[in-house]
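Everything on this sheet refers to the single structure shown next.
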Amino acid sequence: MAEGKRAQGVQRTRHKILAAARQHLIAVGYRNLSLEQVAADADVTRVTIYRQFGSKLGLLDAVAEDLAQRAGLVPAIQAAAALDDPVTAFKAMVAELCRFWSTDPDLLRRLVSLAAVDPEAHQVVSYREQWRFDQVALFVARLAEAGCLRAPSDAVTAAVVVGATTSFATCDDIATRLDRGHDQLDDLLLALLHGVVRLDDVRPR
């Protein structure tokens, strides 16, 4: 029982640190992120942060991973991939990405902008973007096998187009300009993708 309480305490401390780090990351960016201020806001010591996360980069990585876990991104994509029909699976994948982008757009904007100018932030973001693109490519490969790609697109070309169209940068720009939630964009994105994939029953909202 004592061990269980200790584990719960460690987890609570971790959540407090991540919440504080998220707030400061959005406010000042990664380069100006102060571990001392994060520690003060989380009511812990700087040493505790290093023990939990190893480094400032480790903390940034943990903030990004916490976002994915809070949104349940991996199991959601896995559930979409488990659907038998490749078209239905593809639509579910696009919907789940839109839902994920809506989870914490302020943090995602900061991460994307940081990745463009900071090598360490780029390391954290590019790893996750590569994972997303790899998943997109798998869904597109299923469409290709089912004959659902439009000529002259091949699986590689279609995957690149789908990956770019469903990226956070694209979705955030569309959502901002249309004043819509990111999670309300899936039908519109599917309609835009008609040029490369056959999803003939899709109509924009």
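No lab work stands behind these numbers, since they all come straight from the coordinates. Everything quoted here is computed from the prediction, not taken from an experiment. Note that each Cβ is placed from the backbone with ideal geometry, even for glycine, and that neighbours are counted across all protein chains shown.
A few points about this structure:
- Rg(Cα) / (2.2 N^0.38 Å) computed for the chain, rounded to two decimals: 1.17
- Pairwise FRET efficiency - A191 versus D118, Cβ, R0 = 41 Å, nearest 0.05: 0.70
- Remark on L149: its backbone amide H falls under 5 Å from those of R198, a criterion applied only to residues 5 or more positions apart or on other chains, H modelled at 1.01 Å from N.
- Highest-first arrangement of 114-126, 184-196, where packing means the average Cβ count within 10 Å: 184-196, 114-126
- Fraction of alpha-carbon pairs over 18 Å apart in segment 2-66 - percent: 28
- Whole-Å distance, taken between Cα centres, linking segment 113-170 and segment 21-99: 19
- Equivalent ellipsoid semi-axes - Cα gyration tensor, segment 100-164, angstrom: 29, 12, 10
- Only Lys, Arg (+1) and Asp, Glu (-1) charged, at Cβ; segment 2-66 dipole about Cα centre in debye: 120
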